[in-house]
Amino acid sequence: MEIKKIAFIGTGVMGFSMASNLLKAGFAVTAYNRTKAKALPLEHLGGRVADSVAAAVQDADLVISIVGYPQDVRETWLGKDGAIAHMKPGALGLDMTTSEPRLAQEIAAAAAEKGLLVGDAPVTGGDVGARNAALTILFGGSQELFDAVQSVFAAMGKNYVRFGGAGAGQYAKLCNQIAIAAGMMAMCEAIVSAEKFGLNKELLVQTIGGGAAGSFSLNSYGPRILKGDFKPGFYIKHFIKDLKIALDAAGKCGLDLPGTALALQLYEKLQSEGLGDLGTQALYKFYDKA
């Protein structure tokens, strides 16, 4: 099937930019968001906004979702008014939310019973990657589906890799979040240490960002921290969700991940202080007041 019409469910920090890039690439996009006002600006870019998931997906060649939590994913795909119940025969689906691998497998199986192909394709790259169509896309699902959505991935990302069958993309994304968790702690500790040591923090971030300590987090979020910019490229509350899923999956494999567990504790402390809607770089606030 040639993909021309896309239903896009979830137009938050990441989703809005992703849907915008699909419109710029020439796809016809119908969006749905629970808070309709967040989707309406897509109309200025040539998109349409639907009043329900069912209305959004009924004529779509491809359905994409990027929503908040696993329960939102379940409702979006498996609910009586969800996507699978209302997709047309032969339509394709991608859940790009970071969610539970076993839920991704459940959705793929439910879709297959209706002759539909649905896979998991969580993304990494933050708000900057979403805006610049430079996301890394971690895919789990059939080779047939992966091949069919190449043009769609190209409109949103620069790197897209199939890791295996349903759920494999989610497992890959959990590994990504595990790597980020310790890195965010290290970055914040380095910046606050530079301040306590009497160094120029801006100069330090610029300098070590080009060496062995360099990372996406340091080079992207470090400057934001220095400016006092804690707006979300990725919400603390959603990162907490991801880390809990990662630790649960690791526990089922008999793994102990002390670095990830510590990061979760620190982020949960910030959330308990009412900071869950800030970006993950706001972890600096924990160290800055110490």
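The values are calculated or read from the model by the stated rules, or taken from the named source; none is laboratory data. This structure is a prediction, so every number in the text was calculated from the model and none was measured. So basically every Cβ, Gly included, is an ideal-geometry build from the backbone, and we count neighbours across all protein chains shown.
Given the criteria closer than 21 Å to residue 66 by Cβ, surrounded by fewer than 20 Cβ atoms within 10 Å (Cβ to Cβ), more than 15 Å from the chain's Cα centre (by Cα) and not aromatic (Phe, Trp, Tyr), does residue 154 qualify?
Here the answer is yes, as residue 154 does meet what is asked.
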Practice task
Using the structure shown, decide if residue 13 is touching a strand residue (DSSP E or B) at 6+ places or on another chain (Cβ under 8 Å) and surrounded by fewer than 22 Cβ atoms within 10 Å (Cβ to Cβ).
Solution key: yes
Exercise for the section: Working only within the range 6-34, note down all residues that are over 16 Å from the mean Cα position of the chain (by Cα), aromatic (Phe, Trp, Tyr) and either assigned to a strand (DSSP E or B) or at pLDDT below 95 (or both). Expected result: 32
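Here is a yes/no grid of residues against (1) in contact with a helix residue (DSSP H, G or I) (Cβ under 7 Å, 6 or more places away or on another chain); (2) in contact (Cβ under 8 Å) with a residue 24 or more places away in the chain; (3) outside any helix (DSSP H, G or I):
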residue	(1), (2), (3)
251	no, no, no
255	no, no, yes
259	yes, yes, no
284	yes, yes, no
Problem - Residue count, the range 35-51 (criterion: outside any helix (DSSP H, G or I) and either touching a helix residue (DSSP H, G or I) at 6+ places or on another chain (Cβ under 9 Å) or surrounded by 24 or more Cβ atoms within 10 Å (Cβ to Cβ) (or both)) - result: 7
Exercise for the section: Would you check if there is a residue in the range 77-98 being among the charged types (D, E, K, R) and surrounded by 18 or more Cβ atoms within 10 Å (Cβ to Cβ)? Expected result: yes
Practice task
For residue 208, indicate whether it is under 17 Å from residue 286 (Cα atoms) and assigned by TED's automatic domain parsing to the domain that holds residue 267.
Solution key: no
Exercise for the section: For residue 254, state whether it is outside the structural domain of residue 131 (by TED's automatic domain parsing) and surrounded by 13 or more Cβ atoms within 10 Å (Cβ to Cβ). Expected result: no
Completion exercise
Residue hits (the range 188-224; surrounded by fewer than 16 Cβ atoms within 10 Å (Cβ to Cβ) and of a type in the set (Val, Ile, Thr)) are 207
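Listed here are the residues, each with its yes/no results for (1) under 17 Å from residue 157 (Cα atoms); (2) of a type in the set (Lys, Arg); (3) assigned by TED's automatic domain parsing to the domain that holds residue 238.
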| residue | (1), (2), (3) |
| --- | --- |
| 10 | no, no, no |
| 16 | yes, no, no |
| 19 | yes, no, no |
| 25 | yes, no, no |
| 34 | no, yes, no |
| 42 | no, no, no |
| 51 | no, no, no |
| 57 | no, no, no |
| 64 | yes, no, no |
Handout entry: Conditions (1) without any contact (Cβ under 8 Å) to a residue 60 or more places away in the chain; (2) surrounded by 15 or more Cβ atoms within 10 Å (Cβ to Cβ); (3) out of contact with any Pro (no Cβ under 7 Å at 6 or more places or on another chain); number of the one not met by residue 185
Key = (1)
Fill in the blank from the handout: Output for Cβ contacts, cut-off 6 Å, separation at least six or different chains, first residue without any contact (Cβ under 8 Å) to a residue 24 or more places away in the chain in the range 45-66, second part of a strand (DSSP E or B), reads 48/30; 49/31
